[in-house]
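Each remark here refers to the structure printed beneath this line.
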Amino acid sequence: MSAPAPETPAGNFLRAIIERDLAAGTYAGRHFAGTPGDAAHHAAGPLDAARIRTRFPPEPNGYLHIGHAKSICLNFGLAEDYGGICHLRFDDTNPEKEEQEYVDAILESVRWLGFSWDAGGVSHLYHASDYFDFMVRAAEALIEAGLAYVDEQSADEMRANRGDFNRPGTDSPYRTRTPAENLARFRAMQGGELADGTAVLRAKIDMASPNINLRDPALYRIKHATHHATGDAWCIYPMYTYAHPIEDALENITHSICTLEFEDQRPFYDWLLDALCGLGLLAQPRPHQYEFARLNVTSVITSKRRLKQLVDEGIVAGWDDPRMPTLVGLRRRGYTPEAIRLLCDRAGTSKSGGWTDYASLDAALREDLDPKAARAMAVLDPVKLVLTNWDEVMGAGTIDACSAPVHPAQPERGRRAFGIGREVWIERDDFMQMPAKGYFRLYPGNKVRLKYGHVIECTGATTDAAGRVTEVQALLVPDTKSGTPGADAVKVKGVITWVGVHDGLPAEVRLYERLFTEDQPDAGGRDFLASLNPASLRVVRAIVEPSLAAAELEARFQLERHGYFVADRIEHRVGWPVFNRTATLRDSFAK
């Protein structure tokens, strides 16, 4: 009896497609020579051991963002679940916008999310530029078959003659050139004889097609530009819509998974691969393209142009600013790979789209970190509390040792140690001279417990000339220390966190909120800068408990009462701890 098929998660139609193809043996007979190549190359190789092949194909013209995470998780995840392999491919066909900096950042981000393009000791890291020779060969084959021509109309003429949704296009006057004439002109393009913009190679399909993308789309353009990988070897570059299907076919991709904006391009994807397979250049069975709705998260923008504007105008501190939706920014903020993957999984995979609330990312982060993160106390807005009878009760200069679990549900992780003395730091809002209704913290005459420590009774406060509290005074209630027989002798409603003055560590704490106050900052073409959140970053000088002195880069903690924090991966160091708030303990963002 065969094993049951994997359960299909709700909304993930791609799993149903893959399972259908596996059951039908659609790709069972294909060969793979171990490296990308044409039909003859693969025919000489063994049967492909991968049941399916997917790919994640970013263009190295910017940093990956939260939307890309969905595609990464989907392509690598499906390959993993169905005994396949996912390739990482750089679609580096536009030399004017691509840089090695982005290549390096993309590699690091994919690894950080927990995925690998290595399988069986073989790296499946590829570049569109690896295939430039074949793409020219394929273009010449199309020309010789009468399926492509060199058009030397101006850009304005081509645009006018393309027509629109209500009017068919008009044939180019160059469309009737012979294959020999077109081949000569295409080689003149390759040889650098023509200036940028003076000619393009176009597919010859149908200028009257109701799908405008089939009205003789461009295949090659002239660009005398230096490519970050190939240097000045080329002065013509393939259009993405031409390169993408060829790359898929050369790499033996079975399921080419794209976001919905490529749906209108699928007919050309099919036309091109059918043509090149028919000419014997590419292997059958060929890849097929499927589209899904991209991940849209509220309160962020993912346009590379607008993200670059935020960086260039100094609105954020860089691509890795913790308020940015880039993966490097989310990482520096403290979001975990597990939380991002959980968000992507819960967002589902469908064609209908919709929006995912940013609060879902914070919820995933809390779910991931609650069982993992060590606890600690910190005072973010410190004011000194003096226990005026400490010397009489405990002895002058005495430091009373206290401790707390590293994690309250995991006693095996041990305890963290700190001490309480005559002076401690408390949060400023833990004292009110005139308490509001329902306020159970410090005010004259009220008792509270210093968490993990003693019960105290507030006696008053000192203020400056402006009325700002500069010191709070209280009495220590004897024999009430947590964990001792007298701990429950005095009942209190309030418990407050604190850090001892003698062993507290100064730290810079960065309190981050969402960068925008609107759910869709750039909706309808409006100025997204108009909804910038002025409170998206607040930097405070805090006091933290001594257990955080040894915090390593990217170590994550739950600061009791305040939320989840991470030691900044760039600026945190011994002697100058820097902690970024990733998320509060509950969603409190007010628009």
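The values are calculated or read from the model by the stated rules, or taken from the named source; none is laboratory data. Keep in mind the model is a prediction, meaning the values are calculated, not measured. Glycine gets a Cβ as well: all are built from the backbone with ideal geometry, and neighbour counts include every protein chain shown. Protein only, heavy atoms only, side chains kept; ligands, DNA and RNA dropped before computing areas. Shrake-Rupley method; radii C 1.70, N 1.55, O 1.52, S 1.80 Å.
Structure values in brief
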{"item": "Peptides 566-578, 268-280, 62-74 ordered by average Cβ neighbours within 10 Å, highest first", "result": "62-74, 268-280, 566-578"}
{"item": "Beta bridges by DSSP in the chain, antiparallel share as percent, to the nearest 5", "result": "70 percent"}
{"item": "Segment 200-272 shape via C-alpha gyration tensor axes, a/c threshold 1.5", "result": "oblate"}
{"item": "For the chain, size of Cβ-based charge dipole, Lys and Arg +1, Asp and Glu -1, in debye", "result": "1560 debye"}
{"item": "For segment 19-160: relative contact order, % (alpha-carbon pairs under 8 angstrom, 6 or more apart)", "result": "18 percent"}
{"item": "Cβ crowding within 10 Å averaged over residues, with 413-420, 378-385 ranked highest first", "result": "378-385, 413-420"}
{"item": "Nearest-20 debye value, segment 185-289 charge dipole, Cβ charges on Lys, Arg, Asp, Glu", "result": "340 debye"}
{"item": "Most positive-pole-ward Cα, 539, 128, 395, against dipole of the chain from beta carbon charges", "result": "395"}
{"item": "Residues of segment 435-468 with amide N under 12 Å of a point placed 7 Å along Cα→Cβ from residue 388", "result": "444-445, 457-462"}
{"item": "Relative compactness, segment 349-486, computed as alpha-carbon Rg over 2.2 N^0.38 Å", "result": "1.40"}
{"item": "Carbon + sulfur, % of accessible area of the chain - ligands and nucleic acids excluded, 1.4 Å", "result": "51 percent"}
{"item": "Relative contact order (%) - the chain, alpha-carbon pairs under 8 angstrom, separation at least six", "result": "11 percent"}
{"item": "Heavy-atom accessible area per residue - the chain, 1.4 Å, Å²", "result": "43 Å²"}
{"item": "Segment residue 487-residue 415, extension gain: residue separation times 0.36 nm, minus the distance between their alpha carbons", "result": "24.0 nm"}
{"item": "The chain: projected area of the alpha-carbon convex hull, averaged over directions, in nm²", "result": "35.4 nm²"}
{"item": "Cβ crowding within 10 Å averaged over residues, with 478-488, 318-328 ranked highest first", "result": "318-328, 478-488"}
{"item": "Residue pairs, from the table 70/223; 437/481; 372/451, whose Cα atoms sit over 25 Å apart", "result": "70/223; 437/481"}
{"item": "Förster radius 30 Å - calculated FRET efficiency between residue 17 and residue 213 (Cβ-Cβ, nearest 0.05)", "result": "0.85"}
{"item": "Solvent-accessible surface (1.4 angstrom probe) belonging to residue 375, in square angstrom, nearest 10", "result": "20 Å²"}
{"item": "The chain: Cys lacking any partner C-beta under 4.7 angstrom", "result": "86, 235, 258, 277, 402, 458"}
{"item": "Selection from 278, 267, 295 lying farthest towards where the dipole of segment 266-313 points positive, charges on Cβ", "result": "295"}
{"item": "Helical mean residue ellipticity (222 nm; -39500 (n - 2.57) per DSSP H run of 4+; nearest 500) of the chain", "result": "-7500 deg cm²/dmol"}
{"item": "Assigned charges on the beta-carbon of Lys, Arg, Asp, Glu; segment 506-546 dipole about Cα centre (debye)", "result": "160 debye"}
{"item": "Of 421, 217, 350, farthest towards positive along the dipole that unit charges on Lys, Arg, Asp, Glu beta carbons give the chain", "result": "421"}
{"item": "Extension reserve of the residue 432-residue 108 stretch, reckoned as 0.36 nm per residue once the Cα distance is removed", "result": "111.8 nm"}
{"item": "Centroid-to-centroid separation of segment 249-303 and segment 81-148 [C-alpha atoms, Å]", "result": "13 Å"}
{"item": "Residue-count net charge about residue 252 - beta-carbon cut-off 13 Å; Lys, Arg +1, Asp, Glu -1", "result": "+1"}
